[in-house]
Amino acid sequence: MAVRPLPVENEQWQRLDDLTSMGDYHAVKQWLAAAQADARHRGDVALENLLAVAVQLCETCFHHQEELATYKQEYETAVKREQTMRQQLCNF
C-alpha cells in the first residue's frame with residue numbers, strides 16, 4: 001500500500017511547482033528555506049540536509065539567471081549600437 005501525502009502537503013508542493021514554473025528562484029529559495037526550517041523543527045535531519053542542498057542549488061540558479069539577464073541586456077545594447085552605426089553610415 002502506497003503512502004499518500006496529506007492534501008495540505010500537496011498544496012504546498014503545488015505552490016513550489018508554480019513558483020518554479022514561473023522561474024521565480026527567489027520565491028523558490030524562500031519556500032525551500034521555510035521547508036528546511038520546518039524539517040529542522042520536526043527533527044527530520046535527512047530532509048533538512050536535502051533541503052539545504054536544494055537551497056544552495058536555487059541560489060546558484062538565481063545567480064546564473066541574473067548573469068544571463070545582464071548578458072542579454074549587454075547583447076541587446078550592442079545590437080542597437082550596431083544598427084545605429086549602420087544607419088549613420090547609410091546616411092552618408
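Laboratory data are not the source of any read-out in this text; all were calculated from the coordinates shown. What you see is a predicted model, and the numbers here were worked out from it, not measured in a lab. Backbone-built Cβ (ideal geometry, glycine too); neighbour counts: all protein chains shown.
Calculated on C-alpha atoms, the gyration radius of the chain divided by its Kirkwood radius gives an Rg/Rh of 1.33.
Computed from Cα atoms, the angle from the helix 45-90 axis to the main principal axis of the chain rounds to 10 degrees.
Comparing HIS63, LEU89, TYR75 along the charge dipole axis of the chain, the residue lying farthest to the positive side is LEU89, per the Cβ-charge model. Once C-alpha pairs closer than 8 Å and six or more residues apart are averaged by separation and normalised to the residue number of the stretch 20-90, the relative contact order reads 29 percent. Think of it as helices only: each DSSP H run of n ≥ 4 in the chain is worth -39500 (n - 2.57), and spread over all residues that comes to -31000 deg cm²/dmol at 222 nm. The slack in the chain from GLN14 to HIS26, taken as 0.36 nm per residue of separation less the alpha-carbon distance, amounts to 2.7 nm.
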